[in-house]
1. Out of ALA52, ALA42, report the one residue that is aliphatic (A, V, I, L, M) and either loosely packed, with under 11 Cβ neighbours inside 10 Å or within 20 Å of the chain's Cα centre (by Cα) (or both).
2. Checking the conditions here, which among TYR17, TYR92, TYR40, TYR29 is farther than 30 Å from ASN218 by Cβ and of a type outside the set (A, V, I, L, M, F, W, C)?
3. Output the number of the condition that ALA105 fails; it satisfies all remaining conditions of (1) hydrophobic (A, V, I, L, M, F, W, C); (2) closer than 26 Å to ILE174 by Cα; (3) touching a strand residue (DSSP E or B) at 6+ places or on another chain (Cβ under 8 Å).
4. Restricting to the stretch 55-64, name every residue that is part of a strand (DSSP E or B) and open to solvent by less than 30 Å² (accessible area, probe 1.4 Å).
5. Restricting to the stretch 174-183, what's the tally of residues that are assigned to a loop (DSSP other than H, G, I, E, B) and either among the hydroxyl-bearing types (Ser, Thr, Tyr) or open to solvent by 60 Å² or more (accessible area, probe 1.4 Å) (or both)?
6. Give the residues of the stretch 58-72 that are within 20 Å of TRP98 (Cβ to Cβ) and out of contact with any Phe, Trp or Tyr (no Cβ under 9 Å at 6 or more places or on another chain), sorted by residue number.
7. Would you pick out the residues in the stretch 15-30 that are outside any loop (DSSP other than H, G, I, E, B), surrounded by 14 or more Cβ atoms within 10 Å (Cβ to Cβ) and more than 18 Å from the chain's Cα centre (by Cα)?
8. Would you mind telling me which numbered condition in (1) free of Cβ contacts under 8 Å to residues at least 12 places away in the same chain; (2) aromatic (Phe, Trp, Tyr); (3) not in a loop (DSSP other than H, G, I, E, B) PHE82 fails?
Amino acid sequence: PEFIPAFKLKPGDYIIYQPNTTIKDSKFYSKELLLLLGYYLAEGYLIANDGAVAFAFSKKEKKLINEVRQLIKNITGKNASFRIRKNVCEIYFCSRKWAKFFNSAVGKYAYKKRLSEEILLLPFSKQWQMIMGYLNGDGNEYHRRPQDFKTYRVATASRKLAIQIQEILSRGGIFSSIKEGNYSNRNYIEGRKINAKPIYEISFRLKRKKHFFHYIDNHFLVPIKEIKLKKYQGLVANLEMSNHSESYLVRGYVVHNCVAAIATSVKITEMAKGKTLEEALKISQKEI
């Protein structure tokens with residue numbers, strides 16, 4: 001493998017994806033807890049001013065409802081309550097301690113959900129339990145063609161979570177893809193106006209007849225099918241590897257060998273000394 005400037009890439013070249021293979025197990029994160037976290041990713045949220053944890057299912061999903069209630073009992077020792085609202089069954093249990101845990105481990109808003117570093121480094125056998133819970137709660141499976149193996153799909157409003165799920169699957173040697181969809185035309189639910197956000201769909205197969213990618217020594221080799229150019233406006237970070245002679249580390253800033261960039265990094269560090277974070281963020285470009 002080698003680093004190649006983007007403008008030199010062409011269709012047919014392979015991009016190398018290397019999963020994080022670091023493993024840090026924890027007795028606290030049992031397979032049952034990971035399964036419940038998977039259900040929380042799909043159907044969970046916090047209520048009662050972050051004093052209770054809740055899950056919402058269709059009232060017809062009795063098997064899942066019973067499983068989640070049993071998991072709550074086994075893990076927390078609490079008997080979960082439930083209430084029916086039209087076609088929805090809401091399961092919930094009160095505990096600020098557990099609500100705080102779910103918030104720190106996963107988050108509480110659908111579009112802001114993300115996995116903690118501890119979960120990302122657990123053994124794949126435990127992480128797979130979480131994926132299974134996610135699939136049971138909010139996933140589906142289908143055959144693209146009658147003769148094909150199953151394709152599994154889960155969807156999330158969180159871009160970060162989608163990328164993290166993709167990373168976890170890659171730790172188990174499972175290649176997955178992410179498709180971004182915009183459902184802005186679905187602005188009403190039961191007559192109530194909502195602000196639609198992009199949806200990220202993760203899809204994967206456990207078996208394949210043909211592989212368009214290669215999996216070698218914990219690396220995925222993925223071919224470039226198409227290259228497109230588009231205009232971009234915004235900040236661009238140009239990071240170089242620390243073992244390359246043309247890059248420098250200046251007071252915590254990685255910069256290219258540009259005298260102005262090096263001088264600016266040093267100066268803003270000096271100006272920020274003794275200030276609070278809020279005060280430092282107010283330093284303007286003009287002042288620098």
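1. Numbers: ALA52 fails: either loosely packed, with under 11 Cβ neighbours inside 10 Å or within 20 Å of the chain's Cα centre (by Cα) (or both).
Selected residue: ALA42, the only one of ALA52, ALA42 that is aliphatic (A, V, I, L, M) and either loosely packed, with under 11 Cβ neighbours inside 10 Å or within 20 Å of the chain's Cα centre (by Cα) (or both).
2. On the way: TYR17 fails: farther than 30 Å from ASN218 by Cβ; TYR40 fails: farther than 30 Å from ASN218 by Cβ; TYR29 fails: farther than 30 Å from ASN218 by Cβ.
Result of the check over TYR17, TYR92, TYR40, TYR29: TYR92.
3. (3)
4. The initial filter retains those residues of the stretch 55-64 that are part of a strand (DSSP E or B), namely 55-58.
Selection gives PHE55, ALA56, PHE57.
5. Applying the first criterion (assigned to a loop (DSSP other than H, G, I, E, B)) to the stretch 174-183 yields 174-175, 182-183.
Subsequent filtering for residues that are either among the hydroxyl-bearing types (Ser, Thr, Tyr) or open to solvent by 60 Å² or more (accessible area, probe 1.4 Å) (or both) retains 182-183.
Number satisfying all stated conditions: 2.
6. Restricting attention to the stretch 58-72, the residues satisfying the condition of being within 20 Å of TRP98 (Cβ to Cβ) are 64-72.
Matches in the stretch 58-72: ASN66, GLN70.
7. Initially, the stretch 15-30 is screened for residues outside any loop (DSSP other than H, G, I, E, B), giving 15-17.
So of that shortlist, the ones also surrounded by 14 or more Cβ atoms within 10 Å (Cβ to Cβ) come out as 17.
The answer is none; no residue qualifies.
8. Failing condition for PHE82: (1).
The values are calculated or read from the model by the stated rules, or taken from the named source; none is laboratory data. In this text, all values refer to a predicted model and were calculated from it rather than measured experimentally. Positions of Cβ are generated from backbone atoms using ideal geometry, with glycine treated the same way; all protein chains shown enter the neighbour counts. Ligands, DNA and RNA are excluded from the accessible area calculation, which covers all protein heavy atoms including side chains. Shrake-Rupley method; radii C 1.70, N 1.55, O 1.52, S 1.80 Å.
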